[in-house]
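Any read-out appearing in this document is the output of simple, stated calculations on the displayed coordinates, not a laboratory observation. The model shown is predicted, which means the values in this text are computed figures rather than measured ones. Virtual Cβ from ideal backbone geometry, glycine too; neighbours counted across all protein chains shown.
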Amino acid sequence: MSETTTAHPHAPQHESHEPPRRRHWLLAAGWPRAFWMTGFFFLLGMGIVVGLRALGGSGYDPALDWEVVIVVGALTMAPLGFLSGIGAFDYWVSYALGRPTQPEDHSSHGAYSWKDYFRVNTDHKVIGIQYVTTTIFFFLAGGLLALLVRAELARPETNYVDTQTYNELFTVHASLMIFLFIIPAFAGLANYVVPLMLGAPDMAFPRLNALSFWLLPIAGIMLLSSFFFPGVGAGWTNYAPLSVDQPFGNVFFSMAVQWAGASSIMTALNFLVTIITMRAPGMTFWRMPLLVWANFTTSLLVVIATPFIAASQFFVMFDRVMHTNFFDPTGAGYVLGYQHIFWFYSHPAVYIMMLPGFGIVSEVISTFSRKPIFGYRLMALSLMAILVLGFSVWAHHMFVSGMAPYLRVPMMVTTLLIAIPTGIKVFSWLATLWEGKLHFSAPMLWALGFVTMFVIGGLSGVMLGAVPIDIHVSDTYFIVAHIHYVLLGGSLFTIFAGIYYWFPKMTGRMYNERLAKLHFWLTLVAFNATFFPMHLIGIQGMPRRVATYEPQFADWNLFISISSFVLGASFMIFVYNMIVSWKSGPPAPGNPWRGMTIEWLVSSPPPVFNFDEVPQVVGSPYEYGVKGARHAILNGDRAAGLEPVRAP
Amino acid sequence: MRRGAIVALIVIALIVAAITTGIAYFVDWLPEQASEERQGIDLLFWVTVAICIFVFAVVAAVSIYAGVTFRVRPDDESDGPPIHGHTGIEIVWTAVPTILVTVIAVLSAVVLAQNDDPKGTPLRVDVLAQQYAWQFTYPEQGGIKATNLYLPIDRSTKLILNARDVLHSFWVPEFGQKQDAVPGIVTTLVITPTKTGEYRLICTELCGLGHALMRTRAIVLSQADFAAWTQKQAQGGGQAGGGGGEVDAKGIFTANCAACHTLTKAGTSGTVGPNLDGLSLGPADVEEQIRKGGGGMPPFEGQLSDAEIKALVQYLTGSNG
């Protein structure tokens, strides 16, 4: 055993070069500097606003307008100050200032202790773990908000919270889950796994990667702090003109989306460049694992679509703060324009939240069935088909919106067509099971749970694609049921599959299998009890986004609320299992699942630069059952023994 | 594949299909059907449900059979057969879903075209949605206004929808039809009631604090009753406009103010705006507030006639001002 697999999982093996000069602790990159620079930049923003308004004269009375100060000072400048202080810009700033080039000492790479997870770190494995833990924190916060929503809905009348608070609860719940959990959780898992699967030492742009991560806590804290500034209460869709009419706090949503969106775009660019340029020798596109394919297509979706939601939220904020009239009909604005721009992002976003999960499930099902994935090429092509079709269906969210009626049938046809590549994927997974040697370990349970739940969500999606049915159930609990079957039964289940699958690789320890299975079964049952009845009350006539409802739905809602609390409790098992196993689980071997992809060829956790030599890819990633077949070779014979190899 | 496997798959699929069909059949899924449009929607709904049951049964059968049959002990380290694909079967599972979604698409397009198309000469009703009330105007009946939607049975009604402030959405579950009311543009919706009775009319697009309470009733009358109603309203409305007739102040209050305000004597419990039980403003201030709005409350001038506003002020303050 080399030192690389002992206590400090990602500790660099190189002697660390001492930086040329040590700075005072208030000036060195880190939390103290982040703290004062956040405040300093806020004051700077405030100064700019007040100064310019004072210079502007009587047209800008009062000079101290707190709403503008918050937008410029608190939501724009302060985060930049935080990022500068924590050290996300240090290298670029010194480069831009023409300071002498410092030789790269990799001092920002790897983790010696837990403290190294709380600083700007350029190691994709550290960043991956930073992503996953941060997003799980926001998942728990978002889940808590959902339970508050369900507590309010347990009885038909108003119970615990006033209407504005209720609207903010479900809005922030959805926003956190989408922008701060599902999308970045996949980015985090892929951050850890994709470079390893490609046989690359890191992502293409490690500093950009670190910056992408540090934008996330900013966005999340902005959304959570919106409870102190009422106004994020127009639903996560933030439809104009209601969003423009909301109390001032709505700008917290507009800006949080910008920070989270910037993070997504930077990560996606990083993935694209990494996947295109950093594949190991022999890793042709048709030899890439499907997880890599999935993140390739997802990244394309992100870079093309995300600017649209950024624009939609800027427009809403400009309508409020600068009195533009993008969406104000009395000023010749076009209300439906908001929905077209918003959904042009937010429909592809559904696939941004789905395709990486498809990738994870393909890896898991193939490994635990001990069989090659069925129809590998068609699986990859289906991802591309979903990518292309995904951009042509956005208006199916708008069948009752009042858009041009002739748009409805074409959008219905493209929507239903997506069922075909999606169906191919589901059937291919099932065919992979066929005659396999199935091992029902926790990742496999989550993957199969995903397939069945996602089929239910997909089928209700086909029903929603049919325009006349959609007209009846639009904006009802049927939609709430559908979205949760797709995003909770779908995306969340695949995230759990991925976390359990790569937990040994990431932490070097095994999780408790018994607790993981208990977690799965409890979640599966409570999830269905919570969300399946919502189909019924939706069709029967219960609209979404209401705190009070007709007594006829009271019994079902009480049942749903109770189930949702069981669902919430089931995640506590997960948290407990993760914490305890990470601290004191049994050590994990390099390849606990006998997987074939490259991440299993190195130790758990991998050495700080992943590979001590460049892997040679020699075949397809899923050659289970083929005698002597290999996906990649590390240093000939020694690869088979999987011993960590020291750097030369 | 062994013959036994096929038989087992079919048996499991039939059991799953029977259970899901039972859930579809014995649970009362759809609300009462009260319009011609709902007939098309319901037909499409059941056809799609049948297709969904078929697909789900196939998926469940394969998963269950595979899970039971191909499961191995944890210490079994053997691999499955290296099957990489099968062109024939891949063509089948591309083609069959294509056919199924084509059926759904064609049927949907037909139902949609029918539901968009009024039968005969439709009755026109102008719908104005605002935070948090509905107002219905009958331009062909002398412009009478109502806060409940009165419709004649067996005649198509074309709703012309508009919104004053933010997005709202018109829905009567029993009619099945839904349409957003959008500020700045006009949208339309066709409804052909087939059953007399009173139905819930609800706003389904989040429109602010009073969204959950932005509700009224759709009342379907026989053609004769509808004619009588319009006649009575035309006369009553004329009188009210002239300033002398009986105006139902409590009715105006429950239709326009209930979503936001609590008032015990009207039996309302809205909590968006101030509780009006302890109202301390004088009649002039109350009238000003109703006419001009403010503090989050929309203006009602033009929504309510002068007589209605006067009646409301008196109802709220017990004084004529």
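In µm²/s, what is D for segment B:123-242 at 20 °C and 1.002 mPa s, where D = kT/(6 pi eta Rh) by Stokes-Einstein and Rh is the Kirkwood radius from Cα pairs? Diffusion coefficient, whole number: 148 µm²/s. Ignoring lysines fewer than eight residues from B:Lys265 along the same chain, the ones with Cα atoms less than 20 angstrom from its Cα are B:Lys250, B:Lys310. May I ask you to derive the FRET efficiency for A:Ala569 and A:Thr165 from their Cβ-Cβ distance with R0 = 25 Å, giving the value to the nearest 0.05? With a Förster radius of 25 Å, E is 0.55.
With a 10 Å cut-off around each Cβ of B:209-219, the average count of Cβ atoms from other chains is 3.
Pairwise inverse Cα distances across the protein assembly as shown, averaged and inverted, put the Kirkwood hydrodynamic radius at 30.3 Å. Within the same chain, lysines fewer than 8 places from B:Lys178 are excluded, and of the rest, those with a Cα less than 16 Å from its Cα are B:Lys158. Counted as membrane-span-like here are DSSP H helices of chain A whose alpha-carbon atoms extend 24 Å or more along the helix's own axis and whose Kyte-Doolittle mean is 1.6 or above; these are A:442-465. Averaging Cα coordinates gives a centre for segment A:101-129 and one for segment A:570-585; these two points are 25 Å apart. Extension gain, B:Gln235-B:Val11: 0.36 nm per intervening residue step, less the Cα-Cα distance, totals 73.8 nm. With a sphere of radius 15 Å drawn around the Cβ of A:Met506, what net charge do the other residues whose Cβ falls strictly inside it have (Lys, Arg +1; Asp, Glu -1)? Its environment carries a net charge of 0. A simple charge model with +1 on the Cβ of Lys and Arg, -1 on the Cβ of Asp and Glu and nothing else charged puts the dipole of chain B at about 340 debye relative to its Cα centre. Cross-link reach is defined here as a Cα-Cα straight distance under 17 Å, omitting same-chain residues fewer than 8 places apart; for B:Lys195 the aspartates and glutamates meeting it are B:Glu32, B:Glu36, B:Glu37, B:Asp42, B:Asp154, B:Glu174, B:Asp225.
Where the alpha-carbon atoms of segment B:249-317 are placed on the principal axes, they occupy 25, 23, 21 Å, in descending order.
What you get for segment A:114-584, charging only the Cβ of Lys and Arg (+1) and of Asp and Glu (-1), is a dipole of about 1520 debye around the Cα centre. Among B:Glu140, A:Glu599, A:Glu550, the order by Cβ neighbours within 10 angstrom, fewest to most, reads B:Glu140, A:Glu550, A:Glu599. Packing, taken as the mean count of other beta carbons within 10 Å per residue, orders the peptides A:142-151, A:359-368 from highest to lowest as A:359-368, A:142-151.
Each of B:Cys203, B:Cys257, B:Cys52 was scored by other Cβ atoms within 10 Å of its Cβ. Listed from fewest to most, they are B:Cys52, B:Cys257, B:Cys203. Counting only other chain Cβ atoms within 10 Å of each residue's Cβ, the peptide B:59-65 averages 5. Work out the FRET efficiency for A:Ser58 and B:Lys250 from their Cβ-Cβ distance, taking R0 = 60 Å, and round it to the nearest 0.05. Efficiency, rounded to the nearest 0.05: 0.75. Centre-to-centre separation between the Cα atoms of segment A:435-484 and those of segment A:351-400: 14 Å. Using a 7 Å offset from the Cα along the Cα-to-Cβ direction at both B:Asp306 and B:Gln39, what is the distance between the two label points in nm, to one decimal? Result: 4.9 nm between the two label points.
The mean number of Cβ atoms from other chains found within 10 Å of a Cβ in peptide B:277-285 is 0, as a whole number. At an R0 of 56 angstrom, the distance between the Cβ atoms of B:Arg217 and A:Thr101 translates into a FRET efficiency of 0.15.
Compare the Cα positions of A:Pro504, A:Val409, A:Val480 along the charge dipole of the protein assembly as shown (+1 at Cβ of Lys, Arg; -1 at Cβ of Asp, Glu; about the Cα centre) and return the one farthest towards the positive end. Of the options given, the answer is A:Pro504. Shape class for segment A:506-605: prolate, because the ratio a/c of the largest to smallest gyration tensor axis (alpha-carbon atoms, square roots of eigenvalues) is 1.5 or more and a/b beats b/c. Counting only Cβ charges, +1 for Lys and Arg and -1 for Asp and Glu, the dipole size of the protein assembly as shown around its Cα centre is about 1960 debye.
Non-local lysine pairs in chain A, meaning eight or more places apart or on different chains, with alpha-carbon distances under 24 Å, amount to 17.
Quick check: Cα centre of segment A:206-259 to Cα centre of segment B:107-162, how many Å? Centre-to-centre (Cα) distance: 39 Å.
Counting other Cβ atoms within 10 Å as a rough exposure proxy, the listed residues A:Asp202, A:Asp123 run A:Asp202, A:Asp123 from fewest neighbours to most.
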